[in-house]
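Enquirer: One structure is given below, represented as structure tokens, and several questions about it will come after.
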Amino acid sequence: MSLNRVVVQAPATTANLGPGFDVFGLALAEPSDKVTLTRISKGVTIEVSGLSAETIPTSPEKNTAGVVANAMLKEFALKMGIHLHIEKGILPGMGLGSSAASAAAVAYGLNHLFSLKLEPKELIRFAAKGETASAGSEHADNVSAAICGDFVIVKSYNPMEIVNLKAPPNLELAVAYPHMPTPSNKTQKARTVVSKQVPMEKLVHNVGNAAALASGFATGNVDLIGESMNDAVVEPERAFLIPGYQKVKANAFEAGASGVAISGAGPAMIAVVNRRKANAFKVAEAMKAGFESAGFKATAFATKPGRGAHTVEMEP
């Protein structure tokens with residue numbers, strides 16, 4: 001069936017989970033972005049509504065979704081254009097994969113709109129191109145989770161290889177972020193504070209924890225996942241960027257979290273909660289109080305691992 005219009009929903013995501021820098025990603029059940037893709041005669045046009053819409057560029061070359069659309073139209077020599085209406089449900093700049101959701105939704109949507117029959121790893125390759133508009137480089141941790149859902153491991157970038165594992169049913173998530181301004185190139189800046197050389201003992205520490213965390217997803221062990229969210233390389237370098245970082249972590253553990261980490265480049269922080277032992281909403285509220293103790297208003301919510309990008313409406 002030839003389609004003229006498709007509406008795609010793509011989830012918020014969290015990246016790194018502690019030791020998995022640029023490798024681990026996890027899709028959240030909420031919030032999400034909704035992108036409507038409509039065929040037009042030529043070119044790429046963009047309109048944005050929703051959260052902080054006024055801060056998001058509508059030039060295709062500067063918008064993650066626009067970069068993906070241009071790349072796919074060119075690579076597949078599609079003799080059509082595309083209009084994108086991006087409805088932001090994920091607040092940009094918080095470390096919850098807002099730009100990745102839009103990019104993933106467009107890759108997924110164009111695949112349906114033009115019957116390209118691309119495999120997930122191909123969609124991820126295109127969606128990762130979009131991240132250059134917001135992060136300055138292609139990285140696939142957020143976009144792969146946004147496309148595949150649940151937990152992903154970026155095994156290789158060239159060639160693109162992804163391992164996708166289901167999250168344990170008793171894994172819930174507590175998320176909190178402070179109300180603070182973040183620059184449009186926040187992710188790039190957050191990457192500049194990370195050391196280019198890593199001592200061997202820190203490398204060994206992170207490899208061990210990353211392996212254990214992945215094993216926790218493979219075996220359904222939420223406590224092992226939480227205990228392994230321990231990063232000796234990147235998070236210690238970025239902690240000063242997060243107001244109330246130590247208090248947020250301490251409060252989360254006191255409320256029963258199994259593990260806590262900065263979500264992506266922050267400033268959001270995310271906690272893994274074993275719902276058989278603790279209440280994710282109470283953990284989220286405790287994290288919110290941690291940010292507030294540093295003098296910032298904050299937003300907190302509880303959610304679960306979620307599905308990847310999917311169509312919610314199609315029009316011939």
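The values are calculated or read from the model by the stated rules, or taken from the named source; none is laboratory data. Keep in mind that what you see is a predicted model, and the values were worked out from it rather than measured. Using ideal geometry, Cβ is built from the backbone for each residue, glycine included, and neighbour counts are taken over all protein chains shown.
Enquirer: Would you say Ala27 is in a strand (DSSP E or B), touching a His at 6+ places or on another chain (Cβ under 9 Å) and within 22 Å of Ile225 (Cβ to Cβ)? If you could, list the steps in order and put the result at the bottom.
Expert: On the way: in a strand (DSSP E or B): yes; touching a His at 6+ places or on another chain (Cβ under 9 Å): no; within 22 Å of Ile225 (Cβ to Cβ): yes.
No, not satisfied.
Enquirer: Pick from region 283-299 the residues that are of a type in the set (A, V, I, L, M, F, W, C) and surrounded by 22 or more Cβ atoms within 10 Å (Cβ to Cβ): which of them is farthest from Met180 (Cα to Cα)?
Expert: Step one: list which residues in region 283-299 are of a type in the set (A, V, I, L, M, F, W, C), which gives 283-284, 286-287, 289, 291, 294, 296, 298.
Within this subset, residues satisfying the condition of being surrounded by 22 or more Cβ atoms within 10 Å (Cβ to Cβ) are 283-284, 286-287, 291, 298.
On the way: Val283: 21, Ala284: 18, Ala286: 18, Met287: 15, Phe291: 11, Ala298: 9 Å.
It comes out as Val283.
Enquirer: Okay, moving on. Please state which of the following conditions Val6 fails to meet, knowing it meets all the rest: (1) more than 17 Å from Ala167 (Cβ to Cβ); (2) touching a Lys or Arg at 6+ places or on another chain (Cβ under 8 Å); (3) surrounded by 20 or more Cβ atoms within 10 Å (Cβ to Cβ).
Expert: (2)
Enquirer: Tell me which residues, restricted to region 33-49, are within 30 Å of Ser263 (Cβ to Cβ) and surrounded by 16 or more Cβ atoms within 10 Å (Cβ to Cβ).
Expert: Pass one, region 33-49, residues within 30 Å of Ser263 (Cβ to Cβ): 33-37, 44, 46-49.
Of everything in region 33-49, those that are within 30 Å of Ser263 (Cβ to Cβ) and surrounded by 16 or more Cβ atoms within 10 Å (Cβ to Cβ) turn out to be Asp33, Lys34, Val35, Thr36, Leu37, Val44, Ile46, Val48.
Enquirer: Follow-up. Quick one: in region 59-113, which of the residues that are without any contact (Cβ under 8 Å) to a residue 40 or more places away in the chain and hydrophobic (A, V, I, L, M, F, W, C) is surrounded by the fewest Cβ atoms within 10 Å (Cβ to Cβ)?
Expert: Among those that are without any contact (Cβ under 8 Å) to a residue 40 or more places away in the chain and hydrophobic (A, V, I, L, M, F, W, C), it is Ala77.
Residue by residue, here is whether (1) at pLDDT 95 or above; (2) charged (D, E, K, R) holds:
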position	(1), (2)
Pro236	no, no
Phe240	no, no
Tyr245	yes, no
Val248	yes, no
Ala255	yes, no
Arg275	yes, yes
Ala284	yes, no
Phe291	yes, no
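Enquirer: So, of the residues in region 1-18 that are hydrophobic (A, V, I, L, M, F, W, C) and not in a strand (DSSP E or B), which turns out to be farthest from the chain's Cα centre (by Cα)? Working first, answer last.
Expert: Just the residues of region 1-18 that are hydrophobic (A, V, I, L, M, F, W, C), to begin with: 1, 3, 6-8, 10, 12, 15, 17.
Next cut, not in a strand (DSSP E or B) only: 1, 3, 17.
On the way: Met1: 32, Leu3: 28, Leu17: 11 Å.
Looking at residues that are hydrophobic (A, V, I, L, M, F, W, C) and not in a strand (DSSP E or B), I get Met1.
Enquirer: I'm trying to understand the selection: among the residues of region 79-123, which are within 17 Å of the chain's Cα centre (by Cα), among the small types (Gly, Ala, Ser) and in a helix (DSSP H, G or I)? Break it down into steps so the answer makes sense when it comes.
Expert: Keep residues of region 79-123 that are within 17 Å of the chain's Cα centre (by Cα), which gives 86-108, 120-121, 123.
Still in the running and among the small types (Gly, Ala, Ser): 89, 93, 95, 97-105, 107.
Ser98, Ser99, Ala100, Ala101, Ser102, Ala103, Ala104, Ala105, Ala107, listed by residue number.
Enquirer: Among the residues of region 210-244, count how many are under 20 Å from the mean Cα position of the chain (by Cα), of a type outside the set (A, V, I, L, M) and more than 17 Å from Phe24 (Cα to Cα).
Expert: 1
Enquirer: It is to be established whether one or more residues within region 22-32 are of a type in the set (Val, Ile, Thr), closer than 19 Å to Gly306 by Cα, buried (at least 20 other Cβ atoms within 10 Å of the Cβ) and not assigned by TED's automatic domain parsing to the domain that holds Glu235.
Expert: Just the residues of region 22-32 that are of a type in the set (Val, Ile, Thr), to begin with: 23.
Filter again for closer than 19 Å to Gly306 by Cα, leaving 23.
Checking which are buried (at least 20 other Cβ atoms within 10 Å of the Cβ) leaves us with 23.
Add one more test, that the residue is not assigned by TED's automatic domain parsing to the domain that holds Glu235, and what stays is 23.
Yes, the conditions are met somewhere in region 22-32.
Enquirer: Among the candidates Ala69, Ala29, which residue alone is among the small types (Gly, Ala, Ser) and within 25 Å of Tyr177 (Cα to Cα)?
Expert: Numbers: Ala69 fails: within 25 Å of Tyr177 (Cα to Cα).
Selected residue: Ala29, the only one of Ala69, Ala29 that is among the small types (Gly, Ala, Ser) and within 25 Å of Tyr177 (Cα to Cα).
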